[in-house]
1. Output the qualifying pairs, or none if there are none: Cβ atoms under 7 angstrom, residues six or more apart or on different chains, first residue in segment 274-298 and more than 17 Å from residue 337 (Cα to Cα), second residue among the small types (Gly, Ala, Ser) and open to solvent by less than 30 Å² (accessible area, probe 1.4 Å).
2. Restrict the check to segment 348-361 and report whether at least one residue is closer than 23 Å to residue 231 by Cα, in contact (Cβ under 8 Å) with a residue 60 or more places away in the chain and open to solvent by less than 20 Å² (accessible area, probe 1.4 Å).
3. Kindly provide the set of residues from segment 407-429 that are in contact with a Ser or Thr (Cβ under 8 Å, 6 or more places away or on another chain) and either open to solvent by 100 Å² or more (accessible area, probe 1.4 Å) or modelled with pLDDT of 85 or more (or both), ordered by number.
4. Would you call residue 295 of a type outside the set (A, V, I, L, M, F, W, C), part of a loop (DSSP other than H, G, I, E, B) and out of contact with any Ser or Thr (no Cβ under 9 Å at 6 or more places or on another chain)?
5. Do we have residue 319 as open to solvent by 70 Å² or more (accessible area, probe 1.4 Å), at pLDDT 90 or above and either in contact with a strand residue (DSSP E or B) (Cβ under 6 Å, 6 or more places away or on another chain) or not hydroxyl-bearing (Ser, Thr, Tyr) (or both) here?
6. Quick check on residue 295: is it farther than 22 Å from residue 133 by Cβ and open to solvent by 20 Å² or more (accessible area, probe 1.4 Å)?
7. Within segment 389-399, is there a residue that is out of contact with any Pro (no Cβ under 6 Å at 6 or more places or on another chain), open to solvent by 60 Å² or more (accessible area, probe 1.4 Å) and at pLDDT below 75?
8. Restricting the search to segment 246-291, which residues are under 26 Å from residue 155 (Cα atoms) and in a loop (DSSP other than H, G, I, E, B)?
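The values are calculated or read from the model by the stated rules, or taken from the named source; none is laboratory data. None of these values were measured; they are calculated from a predicted model. Backbone-built Cβ (ideal geometry, glycine too); neighbour counts: all protein chains shown. Accessible surface areas use protein heavy atoms only, side chains included; no ligands, DNA or RNA. Shrake-Rupley method; radii C 1.70, N 1.55, O 1.52, S 1.80 Å.
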Amino acid sequence: EEISPYFTDGDKKLKGTGQAFLVFKWMTDRDAIMRAYEDGKRFKHPNGSGDVIFSHCHVEPPNVDWQYFGLDPSDKRKRLWKFVGKLCLLVLIIQGCITFPYTFFVLWPYSSTGTVASGVKVTIMGIILGNTNWICFLANYLTAEQLGYRTKDWLYIFVFVSNTIVVLLLTLFSVGTAAHFITHQYRMATGPEDFFSMLVSSIGHEVAFTRNVYNMLQPGGFFVGMVIVAIMAGPVPYTITTLFSKVIFVWRCFPECLLKILKVFLPWSPATLNHYPTRSAEKGLEPWEIPICGNYADHIVTPSLCFFMLFFLSPFSCRVLKGMMYWALFMYVYFRWMHLRYHKTCYYTSHRLEMGFQYVWGIPLSVLAAACCCWALRANLICQNPDIPPLVKIALICLTFSVSALIWVTVLHFAIRPWQRGEAIDQNRSLTYEQVQEDSIYSWLNCNPVFVLKCRYYFQEANGMHIT
């Protein structure tokens, strides 16, 4: 009775999207159909006069958000602008309520007295940066889910790009703060002409600047943020959800008015206080999906910042790179645990996100190339004329960065060709079902979810026992 209105005429009847997923038994059959369609052959729709349009599907149906298939393009644009506004507001709130007050009232007063903040105070700044990056990613992902993307792979790409931009802006603010400390320490600033001439004052400023960045990254920016994520995304929500569910639905130790207030903070809470459905409790306690799209942003910004330290003549530059090496080893072990033992399974059924990251990886590589150009200028290997303005040298460094990024994208796109799809050659097409079963433990019978459910609830033996 509850689902019959969805299949009969009326307001609740399900509407078709005009799109269907076709699953082939053999990949060679799929390639033959697509090859015929690309050659100009057309297929008529059985219930209409129009042609059936075929296109490659790089995702599986479980990775599809069906509720957004009928979304109007103008509505998607409105959602996008609303998302941009929310994201900008979030960054302003975080900067205005957390980062800027700590910087203005704790760190900046040191520069006005002729000293510079260092040690624990700068380390706390790195911890704040790591936590704000995590908060921004979580809000970014939860908000982007409402944009209306039909497939999650495009959603993941959008979250990756937007989160990379946000993390980069927050990091630039922190680095700019460190530069502000140094340039105002002696109420003087080192100009570009001093930087390229490698004066004693310039080198002193470079050492102080890189020391602040090192203190900000080690351990706050490198490690603390990831540890906080493991705590805040697992034990904390599990404890809160379990405690609230016990207080509201088991112990009922508060007045009903207070229980209704607590129910607002309970994930997947029901409409009443009578019963907490099992399905809602499972959804409230389930872990996050594997957030690769958010991890990629950190894998772009952190190496870029570490490579940026190579512009400066300082012993802390190599310490930053040494810290990045430890960070890479930590990330390898950390994500093997997080992705395989901590998060829940989710579908990454296309290579779009991975290829998007490969293109953006040109940013840290180009920073490294720009650092090489910078040291060629400082060593007078190029542009040896002392009358060349510093702005021209800066423009040459920027040009090196752009050319390096262009070379990376060109080689990746035209030489590697990550988007090119080759036809699959099915070498086992002539094998029988029995022959395949001899070498594998899986089959259609034990991997098909619908058939497994039928065996559990429909197909039974004569005595009523389940089929094994």
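1. Listed pairs, sorted by first residue: 276/245; 281/245.
2. Let us first name the residues in segment 348-361 that are closer than 23 Å to residue 231 by Cα, namely none.
No: segment 348-361 contains no residue that is closer than 23 Å to residue 231 by Cα, in contact (Cβ under 8 Å) with a residue 60 or more places away in the chain and open to solvent by less than 20 Å² (accessible area, probe 1.4 Å).
3. Passing the criteria: 408, 423, 425, 429.
4. Values: of a type outside the set (A, V, I, L, M, F, W, C): yes; part of a loop (DSSP other than H, G, I, E, B): no; out of contact with any Ser or Thr (no Cβ under 9 Å at 6 or more places or on another chain): yes.
Criteria not met by residue 295.
5. Judged against the criteria, residue 319 is a match.
6. On the way: farther than 22 Å from residue 133 by Cβ: no; open to solvent by 20 Å² or more (accessible area, probe 1.4 Å): yes.
Here the answer is no, as residue 295 does not meet what is asked.
7. No: segment 389-399 contains no residue that is out of contact with any Pro (no Cβ under 6 Å at 6 or more places or on another chain), open to solvent by 60 Å² or more (accessible area, probe 1.4 Å) and at pLDDT below 75.
8. Passing the criteria: 267, 268, 286, 287, 288, 290, 291.
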